[in-house]
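Structure, as structure tokens:
The values are calculated or read from the model by the stated rules, or taken from the named source; none is laboratory data. This structure is a prediction, so every number in the text was calculated from the model and none was measured. Note that each Cβ is placed from the backbone with ideal geometry, even for glycine, and that neighbours are counted across all protein chains shown.
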Amino acid sequence: MQNTDADTLEAIAPVQKLAAQLRRDVHDLGAVPASRAIAGLTTAAVADGLSETAAKQRAQIAVSALLACGDLGFGKSYGDKVLVKRRMVSVLYQGDLCILLGGDPSQGEPHGLLRTTDVVPSDVVSFFDWVGELSGSDIAGLWQILDAGVWSMDAVSSDGVTRVLCCAGVVPDQPIPEGSSAWLKEYFPLPRTEGKAADPSQTAVLECSANVRQIVTAGPGSGKTHTATERVIHLVKQGLSPAGIRLITFTRVAAEEVGRRISHALAEHTYSGGVMCGTIDSLAWNLVTTLGDAPSGGHERIIRIARKSITDGEQAILDQLARISHLVIDEAQDIVGERRMFCRALIDALPASVGVTILGDGAQAIYGAWAGDNAGGGSLHAELRGRHGWEDRSLTANHRTKSDSLRRFFSRARMLLEADGDPRSTYLEIREMLEDVATDPSVSLTGQVFPWRNDSLVLFRGRAATEAASVRLTRAGRVHRLKLSGQTTVCDPLLGAICAGLAPGAAIRLEHVRRRIADLHPTPFGVVDEDVLSDLQSLGKGPTARPQDIAESVEREPVGHTRDHVGTGGPMLGSIHGAKGREATNVLLMLPPVPSSDDVDWREEARVLFVGATRASAHLYLGRAQPGLVRPGKNGSRWLRGNGGGLLLSGSDGLLPLAGVAPALSIWEAAFRQPDCSFCRIASGDGSPWHLVTDSGELLAEAEGQLTDDLDHIESTRGGLASGTLRVVGATTVVDRRRDGKIQAVTLLPVLQGVVRGAGNGESDDDQ
């Protein structure tokens, strides 16, 4: 894409002139009524020779585009919309092109509806972070505009599409530059759509009788989850009651997606939402709670209680199972240990007339090492495969992989894993094959080769290496998301911001939601307050929702309002185990060193590499993971040891907001702006309180409880902390128990990363 000077842009795009005029007016006056602004721009456009209708249309598109991009803000004064100036934000894309939003309009030259500068500030925001996630319909609409070659002002575009087009230098009613079109198509590809017609191997699974019990072997990309979903849809269309079907998936995210697909597909078949889609954990919880309140002790204990209740013939449990007419289990190779035994007890308790469909792949069985299966037996898939009374089937086609070389690698590697060869040799051969098939076999994590985009995955063998990489990326200024495997479940920041400062039992009503959203800066794009309230009400027990309802829901079972990562943009960093069920166009697989201990399970290590590589649909990149030495903190927190780096994920009752600091604003900014602030003691001497302080010296909050203990622990272990070395780079809300162990509430979770060095040590080599 090429830059265009201001004179040329103004000549080919009159809307640019209107945009520049509006920026100047708003910046000079501070605020301008929207109606007055549109009237003034219309008058200016008429003076340039446009008709009244065309002039008003052009004025409206200029206003809408600047608001959508965040170049201007808006509020309300006595019910009327008012345009206001915004602080300057810099957006970087294409490696070196910086777009200026807000601020003084005299800075920078016009680029589309925006302004550019050659100076890249230190706090620049990534283009993909700024744009955010586009929905499938957004991307389809973007491609319609790109294929037409012109962005018509009559075209209906979302704010996200408008932001993308403006930043790419596309001007309404003008031909789209060839370079802009190519760049946008590369970075916003059309979402992959699953074909309506099943392949022959899938058809055999879908269309068999409802009372058949079948074990289906399906490799990566063969459509396990798609086939499981279509099996349910087929059964309902054939007359089976939705309320009698249970579909079990390995993750909450997969369960939500499957439920959405089923609901959409059966909308024309009087579908009432009766199909229950969930995880093994949620199914066990549902069964146990029929006997009374869920016992304490976590999911493992609940699963054991559910299994024992089934085998003991607990009548209330058996009555629940009697309602099942067909059971579908996906990713059965990962069902091991207590979960395997629970599922086997469940299947054995079902009448012989009840059909069961189980899908899995032994080559992707990677959870044996931590299962704690004292009874043996391996996975559910391995146990049932070849059993009497079960029909064995296989899915043979690969629908995921777009690369022929990757497809050949996946096929060959799978054959190696299923063969009875030397396990260590198999592992080493798969590593060599990865080197040959990779788009780039030697990627630096902080380099520029790997596509640093929201739809990319960066995968590691374990948590320690993942967290160590997150620290390095933060210090290098690379925006990313971090999957919190095994960490406290976090709420969507918007819900946290709305609920912040409320007592756990306080009612959340529509007017409160509207007021809270209005107080958020910046106001989130596309937020509909009624939808937010509806989401909250779905957690409640009546017409109003309470913060405590969120806590209770998370305690009972995972819900859609929670997420398992922090960060709002960039590639997702996580472990290979945590990436099960995910796929991405681009995957960076960070290879660990070859294991050297005597007790290595080489088969499992080979399968782990295989699973990580098969997350890629188009491009697989390789890097070398640096080991991360994790030192446990107090209260379950962790931080990294060595190389001067540290990471702390702490929990409940961590921060006490100070008087005059709006809790919603501080949470919102921490979650979405990654504020420049750090922890330091406000008085000299040991024992003085830790405070969260901005770089400008503003006190935001006082550390307390677990967070204070963690900070003290790190300081004592490192021989003191230099002021400001432990920085806050993000935060969101968590749902957790308070210290009394009884009352639950929404609290603040800071995500701390930084150079943790001793106060008197200066800048050592390790600190660089």
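Got a number for residues in region 346-365 being buried (at least 22 other Cβ atoms within 10 Å of the Cβ) and modelled with pLDDT under 90?
Qualifying residue count for the region: 5.
Look through region 164-183, keep the residues that are touching a strand residue (DSSP E or B) at 6+ places or on another chain (Cβ under 7 Å) and among the hydrophobic types (A, V, I, L, M, F, W, C), and return whichever of them is farthest from L134 (Cα to Cα).
Here the residue is I176.
Inside region 384-417, can you point out the residues that are buried (at least 20 other Cβ atoms within 10 Å of the Cβ) and in a helix (DSSP H, G or I)?
L384, L406, F409, F410, A413, L417
Scan region 405-425 for residues that are within 18 Å of I366 (Cβ to Cβ) and basic (K, R) and jot them down.
R414, R424
Out of all the residues in region 318-334, which are more than 24 Å from T217 (Cβ to Cβ) and surrounded by 22 or more Cβ atoms within 10 Å (Cβ to Cβ)?
Within region 318-334, no residue meets the criteria.
Might you check whether a residue that is buried (at least 20 other Cβ atoms within 10 Å of the Cβ), touching a Cys at 6+ places or on another chain (Cβ under 6 Å), within 15 Å of A19 (Cα to Cα) and modelled with pLDDT under 80 occurs anywhere in region 68-82?
Yes; the residues of region 68-82 include at least one that is buried (at least 20 other Cβ atoms within 10 Å of the Cβ), touching a Cys at 6+ places or on another chain (Cβ under 6 Å), within 15 Å of A19 (Cα to Cα) and modelled with pLDDT under 80.
Can you name the residue in region 221-264 that is basic (K, R), at pLDDT below 90 and over 27 Å from K402 (Cβ atoms) and, of all such residues, is surrounded by the most Cβ atoms within 10 Å (Cβ to Cβ)?
R252
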